[in-house]
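> Below is a structure I'd like to ask you about.
The values are calculated or read from the model by the stated rules, or taken from the named source; none is laboratory data. Quick caveat: nothing in here was measured; it's all calculated off a predicted structure. Cβ sites come from the backbone with ideal geometry, for glycine too, and all protein chains shown count toward neighbours. Keep in mind that these areas ignore ligands, DNA and RNA; they rest on the heavy atoms of the full protein, side chains included. Shrake-Rupley method; radii C 1.70, N 1.55, O 1.52, S 1.80 Å.
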Amino acid sequence: MCEINTLWEKTLRLGERMDDIGFGGMKLIQKPDEFCYGVDAVILSEFASSQHKNQPEIVVDLGTGTGIIPLIMYHKICPQKIYGIEVQCDSWERACRNAINNGLEKSISFINDDIKNVDKTWGRELKGCVDMVISNPPYFKGGGGIINDHMPKTIARHETSAGIEDFIECAAYLLKPRGEFFMIHRPSRLVDICYFGRKNSLEPKLMRFVSPKRETAPNLVLIEMVKNGGSELRLLDPMWIYDGKGQYTQDVLKAYK
């Protein structure tokens, strides 16, 4: 676990850039050589903020990176407290600076730890107390997909430290009864997601398939699971990222509001 530097610098460091994320004037420090957020984080945040049943007081983002999802979720639904969990020290440190730079350090806290340590260190006081867990986890199994030689990108895209079962177990540990878990993943992992969800008392309730374009097969799926929920699954209309002119569809533009 990395130590907190009490003298956080608001200036950019070597290789970093400051981006306007388009939500309430908030800014995000990123380092392109390591990892930058994509549209999947935006549509996941929109899915969670639009489909949640009750106003959440406590939200936890697993694998938060530089904190893009907590920032968007604060803008959209303004919970009392958001925690972002990140195993990589450099990403965690940028997330902390992003909270400070946007004046949200009291509302959003970032923790540098492994999600698998939820019952050992960072999550013990949150057990059964969380209203919503959200996650954009690594999509590829360890050894699967195209491995990137740059370790931060590899960790962000591949299950190097934690797998899909670990993310689901962590969410189940944190959530209160009827609490909601929102995740985006690959359709190829749906069997694993549903199996591990039910194994951990997280029942799949909503799914929405996402395709790059109308004529292409889905490459992403948005999922809502409810702790101790009943066994009824509803499929929402599919989403397309780009229209026939290569522009964002209305569904995606709505997610950026």
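> Among DSSP beta bridges lying fully in the chain, give the percent that are antiparallel, nearest 5. Mind dumping the intermediate values first?
Numbers: 20 of 44 bridges.
Within the chain, antiparallel bridges account for around 45 percent of the total.
> To continue, here is another question. Among 226-234, 110-118, how do they line up from the highest to the lowest mean number of other beta-carbon atoms within 10 Å? Could the numbers behind the result be given before it?
Working: 226-234: 13.7, 110-118: 20.1.
Taking the mean over residues of other Cβ atoms within 10 Å, the ranking is 110-118, 226-234.
> Let me ask another. Ratio to report: Rg/Rh of the stretch 1-143, with Cα atoms as the point set and Rh obtained by the Kirkwood method; give two decimals. It would help to have the intermediate numbers written out before the result.
Values: Rg = 14.5 Å, Rh = 15.5 Å.
The Rg/Rh ratio comes out at 0.94.
> What value, in deg cm²/dmol to 500, does the helix sum -39500 (n - 2.57) over DSSP H runs of n ≥ 4 give at 222 nm once divided by the residues of the chain?
After summing the helix terms and dividing by residue count, I get -8000 deg cm²/dmol.
> Quick check on packing: order 165-176, 42-53, 243-254 by the mean number of other C-beta atoms within 10 Å, highest mean leading.
On the way: 165-176: 22.5, 42-53: 20.8, 243-254: 12.0.
Listed from highest to lowest mean packing, they are 165-176, 42-53, 243-254.
> Rg to Rh ratio, the chain, alpha-carbon atoms and Kirkwood radius? Mind showing how you got there, number by number?
Values: Rg = 17.3 Å, Rh = 18.5 Å.
Here the Rg-to-Rh quotient is 0.94.
> Take peptides 68-80, 208-220 and line them up by average Cβ neighbours within 10 Å, highest first, as a rough protection proxy. It would help to have the intermediate numbers written out before the result.
Values: 68-80: 21.8, 208-220: 14.8.
Highest-to-lowest ranking by the protection proxy: 68-80, 208-220.
> Pull up all non-local amide H partners of F35: gap of 5 or more, or a different chain, and H-to-H distance under 5 Å with H placed in the peptide plane.
Placed amide hydrogens put nothing under 5 Å from F35.
> Can you tally the net charge around N228? Count Lys and Arg as +1, Asp and Glu as -1, for every other residue whose Cβ sits under 12 Å from the Cβ of N228.
On the way: positive: K176, R178, R198, K205, K227; negative: E180, E203.
That sum, taken over residues with Cβ under 12 Å, equals +3.
> How much of the accessible area of the chain, in percent, comes from carbon and sulfur atoms when a 1.4 Å probe is used?
On the way: 6250 of 12290 Å².
That share works out to 51 percent.
> Continuing with the same structure: So, in nm, how far is label Q55 from label D119 when the simple model puts each one 7 Å beyond its Cα toward the Cβ?
3.4 nm
> Also, quick follow-up: Please calculate how many Å² of accessible area the chain carries per residue, with a 1.4 Å probe and no DNA, RNA or ligand atoms counted.
Numbers: 12290 Å² over 257 residues.
In whole numbers, the chain has 48 Å² accessible per residue.
> Continuing with the same structure: Run a plain Debye calculation on the stretch 40-119 (Cα atoms as equal point scatterers, no solvent) and give log10 I(q)/I(0) at q = 0.18, 0.19, 0.24, 0.25 Å⁻¹, rounded to two decimals, same order as the q list.
-0.69, -0.76, -1.15, -1.22
> Another question, then. Can you list residues from other chains, or at least 5 along the same chain, whose modelled amide H is less than 5 Å from the amide H of F110?
G84
> Summing +1 for each Lys or Arg and -1 for each Asp or Glu, what net charge is found among the other residues whose Cβ lies under 14 Å from the Cβ of S107?
Values: positive: K76, K81, K106; negative: E57, D61, E105.
Once all neighbours under 14 Å are counted, the net charge is 0.
> Can you give the alpha-carbon Rg of the stretch 170-257 over 2.2 N^0.38 Å, where N counts its residues?
Values: Rg = 14.6 Å, N = 88, 2.2 N^0.38 = 12.1 Å.
Compactness ratio reported: 1.21.
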